[in-house]
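Here is the structure we will look at, set down as structure tokens.
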Amino acid sequence: MRKYVSAKYLRITMYDNDFTYSLLQLADILYEIFCTTRFPEDKDLPILKDYVQHLWFSLHNIDRRMEHKSCNDFKETHLKIFTPHLEFVDYLDIPAGWNNDVDVYIPMFENAEILRR
């Protein structure tokens, strides 16, 4: 009997689709880092969560600040809002269709597409 092995992805969940654009920027940056260094393992997730939170917070607020011509109009989104949930999932467990744009799936291998659901 042949055993099928599926591909591993890192799912980042925000639980709020108001941050989809910055979530996609974050996923692109992380994938580039992983491809040029190494792909994370389970033991890396707790510390990555903290870095991901700060990076995501920064990306989102830089984008928002540049969008507003007047700094007086800019209201920073607080760091605590950007608390991601990180977990590894199998490709076969990724929903086939749209899932409210609260998740990105970063492949844990090169030359693949980041999935958004």
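Where residues in segment 52-99 are of a type in the set (A, V, I, L, M, F, W, C) and assigned to a loop (DSSP other than H, G, I, E, B), which of them is nearest to M14 (Cα to Cα)?
The qualifying residue nearest to M14 (Cα to Cα) is F82.
Just checking, does segment 79-86 include any residue being more than 18 Å from I114 (Cβ to Cβ) and in contact with an Asp or Glu (Cβ under 9 Å, 6 or more places away or on another chain)?
yes
Using beta carbons and a limit of 9 Å, which pairs, at least six apart or on different chains, have the first residue in segment 83-103 and surrounded by 13 or more Cβ atoms within 10 Å (Cβ to Cβ) and the second one assigned to a loop (DSSP other than H, G, I, E, B) and among the charged types (D, E, K, R)?
Pairs found: F88/E41; I94/R117; N99/R117; D101/R117; V102/D16; V102/R117; D103/R117.
Suppose we filter segment 24-51 for residues that are among the small types (G, A, S) and exposed (fewer than 11 other Cβ atoms within 10 Å of the Cβ); how many remain?
Matching residues across segment 24-51 total 0.
Give the residue, chosen from S22, S6, that is assigned to a helix (DSSP H, G or I) and touching a Leu at 6+ places or on another chain (Cβ under 9 Å).
S22
Quick check on my filter: what residues within segment 1-23 are surrounded by 11 or more Cβ atoms within 10 Å (Cβ to Cβ) and either of a type in the set (F, W, Y) or at pLDDT 95 or above (or both)?
Hits for segment 1-23 are K8, Y9, L10, R11, I12, Y15, F19, Y21.
Which of the residues belonging to segment 28-51 are under 20 Å from E113 (Cβ atoms) and assigned to a helix (DSSP H, G or I)?
Matches in segment 28-51: D28, I29, L30, Y31, E32, I33, F34, C35, T36.
Of the numbered conditions (1) more than 9 Å from the chain's Cα centre (by Cα); (2) without any contact (Cβ under 8 Å) to a residue 60 or more places away in the chain, V52 satisfies every one except a single condition; which is it?
Condition (1) is where V52 drops out.
Looking only at segment 103-117, filter to residues that are assigned to a loop (DSSP other than H, G, I, E, B) and out of contact with any Lys or Arg (no Cβ under 8 Å at 6 or more places or on another chain); which one of those is modelled with the lowest pLDDT?
Once the filter is applied, the top-ranked residue is R117.
The values are calculated or read from the model by the stated rules, or taken from the named source; none is laboratory data. These numbers come from a predicted model, not from an experiment. Reconstructed Cβ throughout: ideal geometry from the backbone, glycine too, with neighbour counts over all protein chains shown.
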